[in-house]
DNA sequence: CATTATAATGAAAATGATTTTCAATATCAT
DNA sequence: ATGATATTGAAAATCATTTTCATTATAATG
Ligand SMILES: [Mn+2]
Ligand SMILES: [Mn+2]
Ligand SMILES: [Zn+2]
Ligand SMILES: [Zn+2]
C-alpha cells in the first residue's frame, strides 16, 4: 500500500474520436449535440455537472438542449466512458472514466481529478470479509484535497 | 493494511438518550417529531432515507411531517451524530455516525452498514501527495457487498 | 401550576433538478 | 436522393427538497 501510480490520459482529441466511434458502433447516431457534450467531457480535466456541460456545450453547438446533455451522459455512463464523481461536496459531476479499476484524487476547490491505481487491498478485503461475513464485491478509495493550481 | 477492526455500537436506547440530550444541550427543544426521527435512526442497522424515516417515524409519532424529518436530519448531521452514506446505488441515506475517523462496509442489497477502522493509509497518502502535488485533507475507503442475512 | 417568549411544527406553495412527452428534424443505410 | 427512424429541443410533468407562514408545543420563569 505504498505505491500509488497516477494514471495518464490520452489526448482529448483522441478520446473524443474514440468515444464517438464507439457510440456509433453501438448503434447510436453522431449528432451535433452529442459531439458537443463528448468534446466537453473529453477535454475536461475537472469533473462537470449537467449544467456545466450545457453551458460549455452551447459554445460549440448553439442549439444544444439540456435534455440532450442528460441523455448523452446516460449513454456515456452505460458504455463505461464516463463515471460519476462522488464527494463530500456533491455527487452530480462526471469525469471521463479509465479502463479497469482505479481511484480518484479530487480537488475540493476546483473539481480537478487525478486517477490513480496501486492500492493493494486484497488482504485487507479478505480479512474484512472474514470478520464481517459480507461477500465483498467492490470498493471505493478516494482522496480529497487541494490541487497544485488551487494552492497557488 | 491487513487488520480491519469492526466498530461496535452502543445500544439503540442509549444512543437515543444521548442524542436527545445533546440536542437539548445545543439549545434545541425535544419534541415528538425529533424523538421519532432520532429513535428510528438510533435503532437502525441499515441506512435510511428521509422517506424511510418519514414512514418509520410516523408509527411512533402520528402527525410527523416530512419537513421535520429533513430538518432533524440537518441538525443531526451538523452535530456529527449521523452521516450520509454514499454508494453506487445512491447518496441520500443516513446512518448513525461513529466518533472519529472510520469507514463503511455497505450491503448493496439491504443497505446494512458495518463500520470499521484499521486501514493504514499514511504512507500511501504521503506518496500520493508527493506524486500529485495535491495537499490531501481527507479520504474515503468504502466496501460494498452482500451481508450475511442477504446471502441466505 | 400558570404565564410567556419563542422554537418548532405541518400544510401548502415554491423551487430546482431531472425525466417524459411529442411534433419536428437530422442522421445514415439504401 | 430517399426513406425509415433515432434524435432533437421546448414544454409539461415529476420528484425530492426547501421555504413560507399561521398555529402549536416546549421549556424557562415566577
Ligand atoms: Mn482499488
Ligand atoms: Mn481511513
Ligand atoms: Zn483545484
Ligand atoms: Zn443485506
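The values are calculated or read from the model by the stated rules, or taken from the named source; none is laboratory data. Quick caveat: nothing in here was measured; it's all calculated off a predicted structure. Glycine gets a Cβ as well: all are built from the backbone with ideal geometry, and neighbour counts include every protein chain shown.
What is the residue count in the stretch B:42-76 for residues that are under 15 Å from residue B:16 (Cα atoms) and within 14 Å of another protein chain (Cβ to nearest Cβ)?
Number satisfying all stated conditions: 1.
Does the stretch B:115-133 contain any residue that is closer than 18 Å to residue B:46 by Cα and part of a strand (DSSP E or B)?
So the first thing to find is which residues in the stretch B:115-133 are closer than 18 Å to residue B:46 by Cα, and the list is B:115-116.
Imposing the further condition that a residue be part of a strand (DSSP E or B) reduces the set to B:115-116.
Yes: the stretch B:115-133 contains one or more residues that are closer than 18 Å to residue B:46 by Cα and part of a strand (DSSP E or B).
Working only within the stretch A:19-28, note down all residues that are surrounded by 14 or more Cβ atoms within 10 Å (Cβ to Cβ) and in contact with a helix residue (DSSP H, G or I) (Cβ under 9 Å, 6 or more places away or on another chain).
Of the residues in the stretch A:19-28, the ones surrounded by 14 or more Cβ atoms within 10 Å (Cβ to Cβ) are A:19-20, A:22-23, A:28.
Scanning the stretch A:19-28 gives A:19, A:20, A:23, A:28.
Looking at the stretch A:126-152, which of the residues that are more than 7 Å from chain B (Cβ to nearest Cβ) and farther than 19 Å from residue B:150 by Cα is surrounded by the fewest Cβ atoms within 10 Å (Cβ to Cβ)? Steps first, please.
Taking the stretch A:126-152 as the starting set, the residues that turn out to be more than 7 Å from chain B (Cβ to nearest Cβ) are A:126, A:129-130, A:149-150, A:152.
Narrowing further to those that are farther than 19 Å from residue B:150 by Cα: A:149-150, A:152.
Details: A:149: 12, A:150: 15, A:152: 6.
Among them, the one singled out is A:152.
Can you spot a residue in the stretch B:35-47 that is part of a helix (DSSP H, G or I), surrounded by fewer than 19 Cβ atoms within 10 Å (Cβ to Cβ) and either touching a helix residue (DSSP H, G or I) at 6+ places or on another chain (Cβ under 6 Å) or at positive phi (or both)?
yes
Let me spell it out: the conditions are (1) within 14 Å of chain A (Cβ to nearest Cβ); (2) in a strand (DSSP E or B), and residue B:94 meets all of them except one. Which number is the exception?
(1)
If you go through the stretch A:77-91, how many residues are more than 13 Å from DNA strand C (Cβ to nearest atom) and not in a strand (DSSP E or B)?
5
Taking residue A:31 as the residue in question, decide whether it is within 14 Å of another protein chain (Cβ to nearest Cβ), surrounded by fewer than 16 Cβ atoms within 10 Å (Cβ to Cβ) and either over 30 Å from residue B:140 (Cα atoms) or away from ligand 2 (no atom under 16 Å from the Cβ) (or both). Can you show your working first?
Numbers: within 14 Å of another protein chain (Cβ to nearest Cβ): no; surrounded by fewer than 16 Cβ atoms within 10 Å (Cβ to Cβ): yes; either over 30 Å from residue B:140 (Cα atoms) or away from ligand 2 (no atom under 16 Å from the Cβ) (or both): yes.
Criteria not met by residue A:31.
Looking at the stretch B:84-98 only, could you name the residues that are away from ligand 2 (no atom under 14 Å from the Cβ) and closer than 17 Å to residue B:41 by Cα?
Start the filter on the stretch B:84-98 by keeping residues that are away from ligand 2 (no atom under 14 Å from the Cβ), which leaves B:84-97.
Across the stretch B:84-98, the qualifying residues are B:84, B:85, B:86, B:91, B:92, B:93, B:94, B:95, B:96, B:97.
Do the conditions hold for residue B:52, that is, is it part of a loop (DSSP other than H, G, I, E, B) and either surrounded by 15 or more Cβ atoms within 10 Å (Cβ to Cβ) or within 16 Å of ligand 2 (Cβ to nearest atom) (or both)? Full working, then the answer.
Details: part of a loop (DSSP other than H, G, I, E, B): no; either surrounded by 15 or more Cβ atoms within 10 Å (Cβ to Cβ) or within 16 Å of ligand 2 (Cβ to nearest atom) (or both): yes.
Criteria not met by residue B:52.
Given B:100, B:118, B:89, which one is farther than 14 Å from residue A:142 by Cα, buried (at least 16 other Cβ atoms within 10 Å of the Cβ), more than 7 Å from chain A (Cβ to nearest Cβ) and at pLDDT below 95?
Numbers: B:100 fails: buried (at least 16 other Cβ atoms within 10 Å of the Cβ); B:89 fails: buried (at least 16 other Cβ atoms within 10 Å of the Cβ).
Just one listed residue meets the conditions, B:118.
Per-residue answers, yes or no, for (1) out of contact with any strand residue (DSSP E or B) (no Cβ under 8 Å at 6 or more places or on another chain); (2) in a loop (DSSP other than H, G, I, E, B); (3) modelled with pLDDT of 95 or more:
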| residue | (1), (2), (3) |
| --- | --- |
| B:3 | yes, yes, no |
| B:24 | yes, no, yes |
| B:28 | yes, yes, yes |
| B:33 | yes, no, yes |
| B:57 | yes, no, yes |
| B:64 | yes, yes, yes |
| B:68 | yes, no, yes |
| B:73 | no, no, yes |
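Tell me yes or no: at least one residue of the stretch B:7-18 is outside any strand (DSSP E or B) and within 14 Å of DNA strand D (Cβ to nearest atom).
Taking the stretch B:7-18 and keeping what is outside any strand (DSSP E or B), we get B:7-18.
Of the ones still in play, those that are also within 14 Å of DNA strand D (Cβ to nearest atom) are B:17.
Yes, that holds for at least one residue.
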